[in-house]
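Asker: Below you will find the structure I want to go over with you.
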Amino acid sequence: EVGHATRLLYDQKMPEPGKDFVQKFLMIRNEEMVEGGRYHNLKDLGSLPNPTKSKLTHPNWTPTPHPGFDNHRSIFQSITEQEKLLHLPYHSYNYILRFFNEAAIDPSVKEIYVTLYRVAADSHIVNALISAAKNGKKVTVFVELKARFDEANNLKWSKKMKAAGIRIINSIPGLKVHAKVALVKRQEGKEWKNYSFMATGNFNEATGRFYTDHVFFTSNKEMGVELEWLFDYLQSRKQPAEYMKIPFEHLLVSQFNMIKRFEKLIDREIKNAKKGKPAGIIIKLNNLQERAMIEKLYEASRAGVKVQLIVRSICALAPGLKGQSENITVHRIVDRYLEHARVFAFHNNGEPQYYMGSADWMNRNLHSRIEVVFPVYDKAFGEELNHILQLQL
């Protein structure tokens, strides 16, 4: 069944008769007409032919192997021995494909849960999930059908996965699920063990070649349990207010505890600054627009907290204003790769805490989506992230 059109984005130079005809044919109200430019999905231009080859392209940059993985051990054994942190596209995307491919054929893996927002047109990950279902594993996939520009692709894969026996959970009305998480349940002896995958970017090997993102693999028991709670909620297809109050302690999940936890982390820096202790915040985002969080950063600045922001796209915060944001700086990085990671670092009086995840600080991310931000407890990983942030600053 095809739904009614709810919005028309059109070229502002479109002739009036043509525009009126389309509006009447689709039964679009005036307030649903959105004036735009000629080209709306600019990534389509990337498929144009390149007649001069090397003159218009960067030389190939071969991804670096990750020292924590090797070809002689199961990826699950490697994760059990030590959590893994990947930085894409500098590290190879093959480790992510391997995670799903091994899960598909490993007899000890019994269940797989994944959220899909944007996937490649010829997705190796989705094909691995289909193989897993055919191998008798219980596979549950939440597919966000409202992912802008990817609706048709996601619908196509939904049908293929459903035909293969995968349980498909489609969009929750009024909410987008933008989280980048997966959970593999493996039976080891008499016990079940959870292997969690959490990332700042999509399960998309195509964009994984030029989006900078961070990927985290862990067998941490508490985080695995909280991911189970999240997938249990997604399968309910209820609104957050209708669902039981999930006591997320480690994960920050929008609609549940994310805003309060971020406010608490900023308040601690404010408290330390007022006591004369060192205080600082470093945040890297794609977009910063949500008013309450901006006001909280202004409050931190007025208290003397040094706030350093790396914001690639929309930024509604004004840095360097006397009496308001004197202690805030904003950097924007536009370079060979598209900066896509979301990273949050808090000084915590010399015991820094780091978080990463899928959430920008926009109204849509914090108030009308399901997002997941996760802590990085390993000190060596924290130092690694700090090193990257300092390079970028």
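The values are calculated or read from the model by the stated rules, or taken from the named source; none is laboratory data. Given the structure is predicted, the values throughout are model-derived calculations rather than measurements. Backbone-built Cβ (ideal geometry, glycine too); neighbour counts: all protein chains shown. Just the protein is used for accessible areas: all its heavy atoms, side chains included, with ligands, DNA and RNA removed. Shrake-Rupley method; radii C 1.70, N 1.55, O 1.52, S 1.80 Å.
Asker: Using only the heavy atoms of the protein chains and a 1.4 Å probe, how would Leu393, Leu317, Leu42 rank by accessible area, largest first?
Answerer: Numbers: Leu393 45, Leu317 10, Leu42 105 Å².
Of Leu393, Leu317, Leu42, the descending order of accessible area is Leu42, Leu393, Leu317.
Asker: When the Karplus curve 6.51 cos²θ - 1.76 cosθ + 1.60 is applied with θ = phi - 60°, which whole-Hz ³J(HN,Hα) does each residue of region 226-243 get, with x for Gly and Pro?
Answerer: For region 226-243, the Karplus-derived couplings read 5, 5, 4, 4, 5, 5, 4, 4, 4, 5, 6, 6, 9, 6, x, 5, 7, 8 Hz, x marking Gly and Pro.
Asker: Now, a different point. With a point put 7 Å past each Cα toward its Cβ, work out how far His72 is from Ala163 in nm, to one decimal.
Answerer: For His72 paired with Ala163, the spin-label model returns 4.3 nm.
Asker: Right, something else. For Rg and Dmax of the Cα atoms in Å, the listed values are [x] 31.2, 116; [y] 22.3, 70; [z] 31.4, 109; which was obtained by calculation from the structure presented?
Answerer: It is the one labelled [y].
Asker: Take Val305, Val34 and sort them by solvent-accessible surface of the protein heavy atoms, 1.4 Å probe, largest at the top. Numbers along the way, then the final one.
Answerer: On the way: Val305 0, Val34 45 Å².
Ranking Val305, Val34 by accessible area, largest first, yields Val34, Val305.
Asker: Additional query: Give a residue-ordered list of calculated ³J(HN,Hα) values for region 26-41 (Karplus: 6.51 cos²θ - 1.76 cosθ + 1.60, θ = phi - 60°; whole Hz; x for Gly, Pro).
Answerer: In residue order, the calculated couplings are 8, 6, 9, 6, 4, 6, 9, 8, 10, 7, x, x, 6, 10, 10, 9 Hz.
Asker: Which percent of the accessible heavy-atom area of the chain goes to carbon and sulfur, probe 1.4 angstrom?
Answerer: The value for the chain is 52 percent carbon and sulfur by accessible area.
Asker: Which order do the peptides 69-75, 327-333, 103-109 take when ranked by the mean count of other beta-carbon atoms within 10 Å per residue, highest first? If you can, show how the numbers build up before the last one.
Answerer: Details: 69-75: 12.6, 327-333: 16.0, 103-109: 17.7.
In descending order of packing, they fall as 103-109, 327-333, 69-75.
Asker: Hey, what's the chain come to in accessible area per residue, 1.4 Å probe, Å²?
Answerer: Details: 20050 Å² over 393 residues.
Accessible area per residue: 51 Å².
Asker: Rounded to the nearest 10 Å², what accessible area does Ile28 have for a 1.4 Å probe in the complete protein model?
Answerer: 10
Asker: To make sure I understand the rule: partners must be lysines, Cα under 27 Å from the Cα of Lys19, and not fewer than 8 residues away in the same chain. Which ones qualify?
Answerer: In chain and number order, the partners are Lys43, Lys146.
Asker: Could you give the length gained on full extension between Arg336 and Met33, defined as 0.36 nm per residue of separation minus the Cα-Cα distance, in nm? Could the numbers behind the result be given before it?
Answerer: On the way: separation 303, 0.36 × 303 = 109.08 nm, distance 3.51 nm.
Taking 0.36 nm per residue and subtracting the Cα distance, the gain is 105.6 nm.
Asker: Same structure, new question: Computed FRET efficiency, Cβ-Cβ of Ala152 and Phe25, R0 22 Å: what is it to the nearest 0.05? Mind showing how you got there, number by number?
Answerer: Values: r = 20 Å, r/R0 = 0.93.
Rounded to the nearest 0.05, the efficiency is 0.60.
Asker: Across region 328-343, in residue order, what do the Karplus-derived ³J(HN,Hα) couplings come to in whole Hz, using 6.51 cos²θ - 1.76 cosθ + 1.60 with θ = phi - 60° and x for Gly and Pro?
Answerer: 3J(HN,Hα) across region 328-343, in whole Hz: 10, 10, 10, 10, 10, 10, 10, 8, 4, 9, 7, 6, 10, 6, 10, 10.
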